[in-house]
Amino acid sequence: MPQTWTSDDTDAVERLKIQYGTSIVYPVSTMGAHVSAVPNHQVGRITSLAFRGDVAMSGNFGYELDLSKFTDEDKEIAKAQIATYKRIRPLVQQGDMFRLRSPFEGHETAWIFVSEDQSEALLFYYQVLAEPNGPIRFIKLEGLDPERDYCLEGSQEVYGGDRLMSAGLPVSLQGDFTSMVIHLRCC
């Protein structure tokens with residue numbers, strides 16, 4: 001079977017645990033992961049379309065909701081999500097996945113997909129609950145080439161692979177149910 005539905009639970013926060021656990025046993029390419037409606041019909045939680053999309057992009061991305069109810073802004077976000085996923089799909093589905101922060105151990109989750117030649121990586125970072133005056137967090141990456149430099153897409157920042165894996169990449173988000181996706185390429 002090329003793909004499986006891992007759970008009827010489509011809440012994005014719940015999916016972090018489901019997808020994290022499933023990825024231990026099955027390749028990400030086999031995991032259906034969809035954006036569903038809010039409030040979520042299982043838990044009643046309301047999360048942004050951006051957060052739901054970032055969670056679903058760590059599997060076989062899709063939508064499972066009534067698109068006719070989308071606002072014009074929602075449609076633009078969905079178009080951007082689809083374009084992004086088409087661009088990153090090979091890295092997500094064929095890259096090596098490293099689990100960096102467990103959703104079972106706190107209010108943040110992180111994982112990274114790294115290309116076989118270590119020239120490209122995609123970091124997904126999720127914050128479920130915000131912390132007032134929280135510290136700057138550093139995510140230690142895995143799977144990179146310690147001898148190469150990596151550029152952050154859309155930025156002038158350059159980091160050595162050795163630094164990213166030993167000291168980490170600073171991340172900062174504001175608010176509950178927020179996320180970021182960081183694309184790194186060798187430069």
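The values are calculated or read from the model by the stated rules, or taken from the named source; none is laboratory data. Values in this document were obtained by computation on a predicted structure and should not be read as measured data. Please note: Cβ atoms are built from the backbone with ideal geometry, for glycine as well, and neighbour counts cover all protein chains shown.
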State yes or no: is E142 surrounded by fewer than 16 Cβ atoms within 10 Å (Cβ to Cβ) and either touching a Lys or Arg at 6+ places or on another chain (Cβ under 7 Å) or part of a loop (DSSP other than H, G, I, E, B) (or both)?
no
In segment 52-84, what residues are within 19 Å of the chain's Cα centre (by Cα) and not in a helix (DSSP H, G or I)?
M57, S58, G59, N60, F61, G62, Y63, E64
Is it the case that some residue within segment 7-22 is out of contact with any Cys (no Cβ under 8 Å at 6 or more places or on another chain), more than 17 Å from P103 (Cα to Cα) and either not assigned by TED's automatic domain parsing to the domain that holds A80 or not aromatic (F, W, Y) (or both)?
yes
Residue that is under 23 Å from Q174 (Cα atoms) and either in the same structural domain as G161 (by TED's automatic domain parsing) or of a type in the set (A, V, I, L, M, F, W, C) (or both), where the choices are A130, A121
A130
Can you tell me how many residues in segment 99-118 are part of a strand (DSSP E or B) and either among the charged types (D, E, K, R) or in the same structural domain as S23 (by TED's automatic domain parsing) (or both)?
3
Hits in segment 1-15 (condition: closer than 13 Å to V43 by Cβ and in contact (Cβ under 8 Å) with a residue 40 or more places away in the chain)
T10, A12, V13, R15
